[in-house]
1. If I ignore ligands, DNA and RNA and count only protein heavy atoms, how much of B:Phe195 is accessible to a 1.4 Å probe, in Å² to the nearest 10?
2. Compute the FRET efficiency between B:Val139 and B:Asp229 as 1/(1 + (r/R0)^6), taking r as their Cβ-Cβ distance and R0 = 35 Å, and round to the nearest 0.05.
3. Could you pull out the trypsin sites (Lys or Arg not before Pro) across the stretch B:140-239 that fall in loop regions by DSSP (anything but H, G, I, E, B) with no more than 14 other Cβ atoms inside 10 Å?
4. If the chain between B:Phe79 and B:Tyr201 were fully stretched, how many nm would it gain, using 0.36 nm times the residue separation less the Cα-Cα distance?
5. At what distance in nm do the modelled label points of B:Arg66 and A:Lys39 sit from each other, each positioned 7 Å from its Cα along Cα→Cβ?
6. Taking just the C-alpha trace of the stretch A:2-200, give me its Rg and Dmax in Å.
7. Which of the residues in the stretch A:184-199 lose at least 50 Å² of accessible area when you go from the chain alone to all protein chains together (probe 1.4 Å)?
8. Subtracting the Cα-Cα distance from 0.36 nm times the residue separation, let me have the gained length for A:Ile117 to A:Thr93 in nm, one decimal.
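The values are calculated or read from the model by the stated rules, or taken from the named source; none is laboratory data. Bear in mind that the values here come from a model prediction, so they are computed numbers and not experimental data. Counting neighbours? That spans all protein chains shown, and the Cβs are built from the backbone with ideal geometry, glycine included. Accessible surface is based on the protein model in full, side chains and every heavy atom, while ligands, DNA and RNA are left aside. Shrake-Rupley method; radii C 1.70, N 1.55, O 1.52, S 1.80 Å.
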Amino acid sequence: MKKLLTLIILATLFCMGSPQKGFTDQKTPISVVENAVNKVLGVLQDETISVEDKSRSLAELAHDFFDFEALSRRTLGIGWKKLTPAEQQEFVTLYADLLEHTYTTKIQDYSNEKVVILGQRVLNARKAEVNTEVVEGSKSIPITYRMFIMNDVWRVYDVYVEGVSLVKNYRSQFNSILAKNSPREMIEQLRAKVESFESSN
Amino acid sequence: MNCFNAIIPAMFLLFLHLAPAFAAQGDVSAANEGAVYDDLFLDGDMDQGQPVQTVVVADPIEPVNRVFFQFNDKLYFWFLKPVATGYGAVVPKPFRNGISNVFKNLEFPIRFVSSLLQGKILRAGKETGRFVLNTTCGVAGLFNVAEEVAPLASSPEDLGQTLGRYGLGHGAYLVLPVLGPSSLRDAAGRFGDSFLDPVSYVSPREASMALRGEKVVNTTSLRLGEYEDLKEASLDPYTAFKDAYLQYRERMVQQ
């Protein structure tokens, strides 16, 4: 009986420790953003790697930092359920390619901008936002990362640039496409867009 | 032995008991992920317990707006961009920044009056401080010296935002030729702003127009590539710019 008690106590202690996990040391939203920014800057400033390898590393970092399924679901909203599971997967992959391309090409223009991390705000038990600023000379652009925690990992589900939500902006576009086209056609339009990037590279 | 036999059911019960606590804190089994995503992002699209506000503004003259959108697009690529690129090649960036500062400093009456009309007395005071400091020490606004003084942070205010603050909606989305995305409310605001902009009072009229042209070219030369980036990233550029404009203005009104 003693053994059982010990086990229960140990198990309880272990479980009591975990709820706070999300907000401690390396696992706060702000530290995730800090870490990602530093890694990206590290890749950009490394002159020993080729442009192609840079793009690949940046894409990998993007996949760790952003939760593309969350971004996709949020972007399509109720429209998400109108897609078959296969279409949903297709959409996530293509949308990730689109965002990744935009993000990696944009970030490579980086010359002497500085990223300032301003702070984090907890939105609810699962969600938080991290406020940052990209400063270049006298210009500063506020960028806010909206993040959520799942399986103990904080990842980004939306980005606000100067108050403009990326997800809402794409939602308006997909909604306007869906108003006149089927989900299948919408996916094909997205594919054409992604392919136009790939052919231009 | 008896005791050992009891452990397994006990652990099972314990697990059942603790599972909801786990799930609520983000430790989710793979099978459960879909349900969590749904909960987070699908139902009601909640942020902080409140539905995400999406700005819906009527677009009754969309076909006309789309024509002007195309017109502005061509105007940019065929005229404005080459001119601004050439201008940027001739005029060094520090000078262009200086010119941009001068124009911004001259718009002081717009920000001052709009702040006052919104009851933002402190902000109006800050703007006055900035204007005095930049006009004197900053040589007619060429240097943004006030920027070094943290409490004097500038805040973009205009009459369109003021009307928004009073609770007036956009009315309808508009794309103005040359000027770009706007709305009935913001276009009215712009019209009012023009009376507060000293550049409008420069005579002769040709000189005033020339100054306006310079302002547009100078601004464009400092923001080359931004339009292209947003356009390239979008599937439906018209909708993308419309939504970005409305979201951006919404935030300005709230600030």
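1. Rounded to the nearest 10, the figure is 110 Å².
2. Working: r = 34 Å, r/R0 = 0.96.
In this case the efficiency is close to 0.55.
3. On the way: sites: B:Arg165, B:Arg185, B:Arg190, B:Arg205, B:Arg212, B:Lys215, B:Arg223, B:Lys231; in loops: B:Arg223.
Those satisfying the criteria are B:Arg223.
4. On the way: separation 122, 0.36 × 122 = 43.92 nm, distance 2.68 nm.
Answer, rounded to one decimal: 41.2 nm.
5. Here the answer is 4.2 nm between the modelled labels.
6. Just the Cα atoms of the stretch A:2-200 yield Rg and Dmax of 19.9, 70 Å.
7. A:Lys193
8. Values: separation 24, 0.36 × 24 = 8.64 nm, distance 2.95 nm.
Gain on stretching A:Ile117 to A:Thr93: 5.7 nm.
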